[in-house]
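Peer 1: Sharing a structure here in structure tokens format.
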Amino acid sequence: MEIAVRTAQSEPSRIKSLLEQELGFGRIFADQMFCMRYTEGTGWRDPEIVPYGPLPLMPSAMVFHYGQEIFEGQKAYRRADGRIAMFRPEANAARFNSSARRMVMPEIPVDVQVRATLQLVGCLREWVPEPPSALYIRPTMIASEAALGVRPAKEYIYFIIGSPVGPYFPKGFAPVRVKAEGHYVRAAEGGTGAAKTGGNYAGALRAQTDAKNEGYDAILWLDAKHHRYIEEIGAMNILFVFEGKLITSPLLGTILPGITRESLLRMARDEGRPVEERRMSIEEVTAGIEKGTLTEAFGAGTAAVVTPIGTIGWAGKDYVIGGNKPGPFTQHIYDTLTGIQCGKVKDPYGWVRTIE
């Protein structure tokens, strides 16, 4: 599938001016995007890189009414040698197709997704800021058919946009405060928790807003059935260092199978650290903090990479972990993974794809 480029090169002076600003997260957008369309019976067509801008959609487009929408999150990094690299784009493409299957949307061959992403990033290479900032890449698919009626759509738009970003949390690598949520739930078994679809995040906004009004940075989600077992934190997976072991929630269909999570677990195992994927109750976690057997906790995801957790709020009490400082394993795993992504640490896994 040949990709047409229908846009001029970016203006270097404008990009330089934008990248000198405080980037924040998801506020500035690169001036080129990838787009292609799907029609049932015809398949995917018209892959092209075009100027960033509005999408033509009818008010009856099914995405607005029935929520058929999925997306991914990736990053492009500027390496020490000046080359641009991406981290495990094939894994993101495979997860995108998994989300598509759950939401009854058409899959896109992994090689097509990767080629589109790498070609777009190649066009946007001047938009990739210096580390530790990066160019966030957001592939998205929406149901574009103009029709009403609860059924899978017959037409879709797939697009990829880029945004130069700084830290996901304003405090950067500083520990965050999270509130364990005992009432609202993010996802239930049999639901869409393992798919990266917008409804999962929209349903989380009430609890997230309430927690921020109480002074917390994010929500620690518990399971939907018992309201006891740890699932994930905000939009990230969560991992604990407990009695010397690295422990994280198992993939039971209610949480997103994180690519950062999978990478960290493999790295930890290869370093000889015991790893367990098992359920932990909020009572076990808070008791472990009080006893000193739970020494570290951190979130893991593309946007923030690794975020230390300093405080967990539960049942009206704040439990402080490790003196509210990043633990030694948290710091080590963050430095190692970001080092691999940015070319400062050898990549023994072949995870990094450089763009010549």
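Peer 1: Among the residues of the range 18-39, write down those that are exposed (fewer than 14 other Cβ atoms within 10 Å of the Cβ) and either more than 27 Å from the chain's Cα centre (by Cα) or under 30 Å from K154 (Cβ atoms) (or both).
Peer 2: none
Peer 1: So in the range 266-276, with the set limited to residues that are in contact (Cβ under 8 Å) with a residue 24 or more places away in the chain and in contact with a strand residue (DSSP E or B) (Cβ under 6 Å, 6 or more places away or on another chain), which one is farthest from P348 (Cα to Cα)?
Peer 2: E276
Peer 1: Still on this model: Would you check which residues across the range 14-40 are closer than 16 Å to A143 by Cβ and either of a type in the set (G, A, S) or part of a loop (DSSP other than H, G, I, E, B) (or both) and list them?
Peer 2: Correct list: E40 only.
Peer 1: Determine, yes or no, whether A268 is crowded, with 18+ Cβ neighbours inside 10 Å, of a type in the set (G, A, S), outside the structural domain of N92 (by TED's automatic domain parsing) and in a loop (DSSP other than H, G, I, E, B).
Peer 2: Working: crowded, with 18+ Cβ neighbours inside 10 Å: yes; of a type in the set (G, A, S): yes; outside the structural domain of N92 (by TED's automatic domain parsing): yes; in a loop (DSSP other than H, G, I, E, B): no.
Considered against the rule, which asks whether it is crowded, with 18+ Cβ neighbours inside 10 Å, of a type in the set (G, A, S), outside the structural domain of N92 (by TED's automatic domain parsing) and in a loop (DSSP other than H, G, I, E, B), A268 comes out as no.
Peer 1: Show the residue pairs that are 6+ apart or on different chains and have beta-carbon atoms under 7 Å apart, the first residue being within the range 26-38 and without any contact (Cβ under 8 Å) to a residue 24 or more places away in the chain and assigned by TED's automatic domain parsing to the domain that holds S10, the second being surrounded by fewer than 21 Cβ atoms within 10 Å (Cβ to Cβ) and part of a loop (DSSP other than H, G, I, E, B).
Peer 2: Cβ pairs passing all conditions: none.
Peer 1: For the subset of the range 74-90 comprising residues that are in contact (Cβ under 8 Å) with a residue 12 or more places away in the chain and either surrounded by fewer than 18 Cβ atoms within 10 Å (Cβ to Cβ) or among the hydroxyl-bearing types (S, T, Y) (or both), which member is farthest from A194 (Cα to Cα)?
Peer 2: To start, the set of residues in the range 74-90 that are in contact (Cβ under 8 Å) with a residue 12 or more places away in the chain comprises 74-81, 83-90.
Then keep just the ones that are either surrounded by fewer than 18 Cβ atoms within 10 Å (Cβ to Cβ) or among the hydroxyl-bearing types (S, T, Y) (or both); that gives 77, 79-81, 83, 90.
On the way: Y77: 27, R79: 32, A80: 35, D81: 37, R83: 33, E90: 18 Å.
The residue in question is D81.
Peer 1: How many residues does the range 153-167 hold that are surrounded by fewer than 22 Cβ atoms within 10 Å (Cβ to Cβ) and part of a strand (DSSP E or B)? Steps first, answer last, please.
Peer 2: Kept after step one, since they are surrounded by fewer than 22 Cβ atoms within 10 Å (Cβ to Cβ), are these residues of the range 153-167: 154-155, 157, 159, 161, 163, 165-167.
This time we only want the ones that are part of a strand (DSSP E or B), so: 155, 157, 159, 161, 163, 165.
Selection size over the range 153-167: 6.
Peer 1: A further question follows. Give just the number: which of (1) free of Cβ contacts under 8 Å to residues at least 12 places away in the same chain; (2) of a type outside the set (S, T, N, Q); (3) within 29 Å of G191 (Cα to Cα) does R45 not satisfy?
Peer 2: Tallying (1) free of Cβ contacts under 8 Å to residues at least 12 places away in the same chain; (2) of a type outside the set (S, T, N, Q); (3) within 29 Å of G191 (Cα to Cα), R45 fails exactly one: (3).
Peer 1: Another question, if that's okay. Among T7, T42, which is the only one that is of a type in the set (V, I, T), more than 25 Å from the chain's Cα centre (by Cα) and surrounded by 13 or more Cβ atoms within 10 Å (Cβ to Cβ)? Reasoning before the result, please.
Peer 2: Details: T42 fails: surrounded by 13 or more Cβ atoms within 10 Å (Cβ to Cβ).
On inspection, the qualifying residue turns out to be T7.
Peer 1: Here's another thing I want to ask about it. (1) without any contact (Cβ under 8 Å) to a residue 60 or more places away in the chain; (2) closer than 22 Å to A303 by Cβ: which one isn't true of G244, the others all being true?
Peer 2: (2)
Peer 1: If you don't mind, another one. Could you pull out the residue among W351, W314 that is assigned by TED's automatic domain parsing to the domain that holds E276 and touching a helix residue (DSSP H, G or I) at 6+ places or on another chain (Cβ under 7 Å)?
Peer 2: Details: W351 fails: assigned by TED's automatic domain parsing to the domain that holds E276.
Only one candidate qualifies: W314.
The values are calculated or read from the model by the stated rules, or taken from the named source; none is laboratory data. What you see is a predicted model; the values in this text were computed from it and never measured. No Cβ is skipped: glycine too gets one built from the backbone with ideal geometry, and neighbour counts run over all protein chains shown.
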